[in-house]
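The values are calculated or read from the model by the stated rules, or taken from the named source; none is laboratory data. Everything numeric here is computed off the predicted structure, so don't read it as measured data. Neighbour counts run over all protein chains shown; Cβ positions are idealised from the backbone, glycine included.
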Amino acid sequence: MKKYLITGCAGFIGSNFVHYMLKKYPEILLVNLDKLTYAGNLENLKDVEGDPRHVFVQGDICDKELVESLFAKYDFDYVINFAAESHVDRSIKNPEIFVQSNVMGTVNLLQRAKEAWYDAEAKTWKEGKKYLQVSTDEVYGALGAEGFFMETTPLCPHSPYSSSKASADMFVMAFHDTYGMPINITRCSNNYGPYQFPEKLIPLMINNVKHHKQLPVYGDGMQIRDWLYVEDHCKAIDMVCNGGKIGEVYNVGGHNERPNIFIVKTIIEQLHDRLKDDGISEDLIKHVADRLGHDRRYGIDPTKIKNDLGWYPETPFEKGIVLTIDWYLDHEEWMEHITSGNYQKYYEEMYKNK
Ligand SMILES: Cc1cn([C@H]2C[C@H](O)[C@@H](COP(=O)(O)OP(=O)(O)O[C@H]3O[C@H](C)C(=O)[C@H](O)[C@H]3O)O2)c(=O)[nH]c1=O
């Protein structure tokens, strides 16, 4: 039975990964280390409560003793690091926490994995081990109208968030180059789907539309993101973990580029029709001040992961967005719970001068 240390899996992508893996593998152990920050939510894991294949540990990836004790207890085969501060707007306001969690946290995991997996006398790594870093296409910077990010594209991050992720990627690669650590890095495009915290574009807009609240579109709304359904991303991570060539980076994209304003209008149209509510219209859109240093376009060429591992994004956007809207309509309580308390304060703070 394979044993995984997975971090940050009370969050959006991580919790989807837990569901995906438990469905796919009858025999597996997932030890889920999560600090339960604002974006982590045990309700995301309610469905798997009581499943002996999933062990939840509340804690920080920066905590040396805690991570050491988990390696001693479980003798992991794999580490998959999902844990990260992930919201670009928050990083613009408060960069330090991004360095702490994303850079220092990654280095702590790498160090603890190395201590557990590396025999310094024999200068060999234990068989079958791997560290997988879940990263982002934002480390490559921004594209103009043409071209795609390839795995060979030089890193050129712009935001404090993407700088912290690029830095973490470089540490992962440094552990491979310096010590021969078995690693992979995956770099994904914008994920969407169930359990996403409503600070991100799609769940934020769904929630605002439902409540007839203004829809804050940054700048002209013509920035382009490449949307990837989260379950497709989870499948890619599993494939890279179990079949990716050691030391390689794999880009994981939806091959599905859309301008932000298209996404917002799609959500308005869908919810208008579904809820038969004439209060839902494009009048809700409000163009607000642009994000500082806003990257204009991201786009990924997923050829390498397709050729090497046979992965491709199976869910077309037209299907994924319907599944996603259905999920949020069916999980009103989840949304109400998550948007109560501190969320209101965050929202007012973040959007007050826009
Ligand atoms: C919240 C919000 C966003 N936007 C725009 C800003 C972006 O151009 C686009 C998506 O924004 P969001 O913050 O949802 O995601 P990105 O900044 O593209 O980054 C996301 O995708 C990458 C891959 C990660 O690695 C990040 O962790 C993840 O947060 O919508 C608006 O126009 N209005 C809004 O209220």
Review point. Val99: surrounded by fewer than 18 Cβ atoms within 10 Å (Cβ to Cβ) and within 16 Å of the ligand (Cβ to nearest atom), yes or no?
Key: yes
Review point. Are there any pairs with C-beta distances below 7 angstrom linking a residue in region 79-98 that is free of Cβ contacts under 8 Å to residues at least 12 places away in the same chain and among the polar types (S, T, N, Q) to a residue that is part of a loop (DSSP other than H, G, I, E, B) and more than 11 Å from the ligand (Cβ to nearest atom), with the two at least 6 apart or on different chains, and if so which?
Key: none
Check your understanding: Within the group Ser91, Ser69, which residue is surrounded by fewer than 18 Cβ atoms within 10 Å (Cβ to Cβ) and farther than 17 Å from Gly14 by Cβ?
Key -> Ser69
Review point. Which members of region 137-160 meet the condition of being among the aromatic types (Phe, Trp, Tyr) and either part of a loop (DSSP other than H, G, I, E, B) or out of contact with any Pro (no Cβ under 8 Å at 6 or more places or on another chain) (or both)?
Key: Phe148, Phe149
Practice item. Select, from Tyr38, Tyr74, the only residue that is surrounded by fewer than 17 Cβ atoms within 10 Å (Cβ to Cβ) and touching a Lys or Arg at 6+ places or on another chain (Cβ under 8 Å). Key: Tyr74
Review point. Taking the condition out of contact with any Leu (no Cβ under 6 Å at 6 or more places or on another chain), within 11 Å of the ligand (Cβ to nearest atom), in a helix (DSSP H, G or I) and touching a residue at least 40 places away in the same chain (Cβ under 8 Å), does His176 pass?
Key: no
Review point. When residues of region 201-239 are filtered for being acidic (Asp, Glu) and either over 30 Å from Tyr312 (Cα atoms) or assigned to a loop (DSSP other than H, G, I, E, B) (or both), how many remain?
Key: 1
Exercise for review: Please find, within region 136-169, the residue that is farthest from Ser91 (Cα to Cα) out of those that are of a type in the set (Ser, Thr, Tyr) and away from the ligand (no atom under 11 Å from the Cβ).
Suggested key: Thr152
**Study point:** Of all residues in region 179-192 being of a type outside the set (Lys, Arg) and under 25 Å from Ile92 (Cα atoms), the one that is farthest from the ligand (Cβ to nearest atom)
**Key:** Ile185
**Study point:** Test: Arg274 is surrounded by fewer than 16 Cβ atoms within 10 Å (Cβ to Cβ) and either modelled with pLDDT under 95 or of a type in the set (Lys, Arg) (or both)
**Key:** yes
Practice item. Assess whether Asp60 counts as being closer than 27 Å to Val107 by Cα and not polar (S, T, N, Q). Key: yes
**Study point:** Which numbered condition Gln133 misses (of (1) away from the ligand (no atom under 16 Å from the Cβ); (2) part of a strand (DSSP E or B))
**Key:** (1)
Practice item. Test Thr106 against the stated conditions and say whether it is surrounded by fewer than 17 Cβ atoms within 10 Å (Cβ to Cβ) and within 16 Å of the ligand (Cβ to nearest atom). Key: no
Exercise for review: Test each condition in (1) within 14 Å of the ligand (Cβ to nearest atom); (2) crowded, with 18+ Cβ neighbours inside 10 Å; (3) not basic (Lys, Arg) for Gly219 and report the one that comes out false.
Suggested key: (2)
Point to revise | Any pair with Cβ under 8 angstrom, 6 or more apart, that starts in region 179-202 at a residue that is closer than 21 Å to Met350 by Cα and ends at one that is part of a strand (DSSP E or B) and polar (S, T, N, Q) | key: Leu201/Asn190
Review point. Taking helices (runs of 4 or more DSSP H) that do not extend beyond region 242-333, which have at least 1 residues that are more than 12 Å from the ligand (Cβ to nearest atom) and within 30 Å of Lys2 (Cα to Cα)?
Key: 303-309
Practice item. Please enumerate the residues belonging to region 18-44 that are in contact with a strand residue (DSSP E or B) (Cβ under 7 Å, 6 or more places away or on another chain) and assigned to a helix (DSSP H, G or I). Key: Val18, Met21, Leu22
Review point. Would you call Pro198 crowded, with 18+ Cβ neighbours inside 10 Å, outside any loop (DSSP other than H, G, I, E, B) and within 11 Å of the ligand (Cβ to nearest atom)?
Key: no
